[in-house]
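**Q** Here you go, one structure.
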């Protein structure tokens, strides 16, 4: 666990009207601009894309990620079965959900926050739905920083898909509900084992 961040302080809330300006800012800067889109977008585009999703509406659940109550990023959860135009050529189980996410605030980028945010998303959003047993994510194959974060969160590489099999090149990764639980048991066991072998220097 990254000692700088407390996972318990990571929260989620539905996208609201007041978030549209923030989303527009995030989508047009730095890492988010590079990997989420390929060119700056006007405010009208952001409104057209995200206003229909406000307050939990639509078939793509759109959430602001918070840390200590402050907005720091964005996550969307969808079901591939609802998006045949994008996922129709992939043989995915009916109980599959997909996520896309980004850290919008630069102070939280490249600081170890990503894997914590992803794990929290899996617990509090994806697998909070009892009908979901598999999660997929499909980063750009060139986005090695994101891929490493997903690996740290427990995702495993399945395959690389290219057009015309998929709309865009994608490094398809998966994580099953049981794998999420198993990795946490392993991490907890390792932590306890290391703690028993390495005495604390401060005994207060």
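**Q** From the residues in segment 116-140 that are touching a helix residue (DSSP H, G or I) at 6+ places or on another chain (Cβ under 8 Å) and in a loop (DSSP other than H, G, I, E, B), which one is nearest to residue 151 (Cα to Cα)?
**A** This residue is 139.
**Q** Say whether the condition of being crowded, with 21+ Cβ neighbours inside 10 Å, closer than 24 Å to residue 17 by Cα and touching a strand residue (DSSP E or B) at 6+ places or on another chain (Cβ under 6 Å) is met by at least one residue in segment 122-144.
**A** Scanning segment 122-144, I find at least one residue that is crowded, with 21+ Cβ neighbours inside 10 Å, closer than 24 Å to residue 17 by Cα and touching a strand residue (DSSP E or B) at 6+ places or on another chain (Cβ under 6 Å), so the answer is yes.
This table checks each residue for (1) part of a loop (DSSP other than H, G, I, E, B); (2) crowded, with 20+ Cβ neighbours inside 10 Å; (3) in contact (Cβ under 8 Å) with a residue 12 or more places away in the chain.
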position	(1), (2), (3)
34	no, no, no
39	yes, no, no
53	no, no, yes
61	no, yes, yes
73	no, yes, yes
76	no, no, yes
94	yes, no, yes
101	no, yes, yes
114	no, yes, yes
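**Q** Another one. Count, please, the residues in segment 1-37 that happen to be over 19 Å from the mean Cα position of the chain (by Cα) and at pLDDT below 95.
**A** Looking only at that region, the number is 2.
**Q** Kindly establish whether residue 148 is part of a helix (DSSP H, G or I), at pLDDT 95 or above, touching a helix residue (DSSP H, G or I) at 6+ places or on another chain (Cβ under 8 Å) and closer than 25 Å to residue 23 by Cα. First the steps, then the outcome.
**A** Details: part of a helix (DSSP H, G or I): yes; at pLDDT 95 or above: yes; touching a helix residue (DSSP H, G or I) at 6+ places or on another chain (Cβ under 8 Å): no; closer than 25 Å to residue 23 by Cα: yes.
Answer is no for this residue.
**Q** May I ask you to list pairs of residues, at least six apart or on different chains, whose Cβ atoms are under 7 Å apart, with the first in segment 8-22 being under 12 Å from residue 67 (Cβ atoms) and the second being assigned to a loop (DSSP other than H, G, I, E, B) and modelled with pLDDT of 95 or more?
**A** Hits for this filter: 9/68.
The values are calculated or read from the model by the stated rules, or taken from the named source; none is laboratory data. As the structure is a computational prediction, the values presented were derived from the model and not from experiment. With ideal geometry, Cβ positions are generated from the backbone for all residues, glycine too; neighbour counts draw on all protein chains shown.
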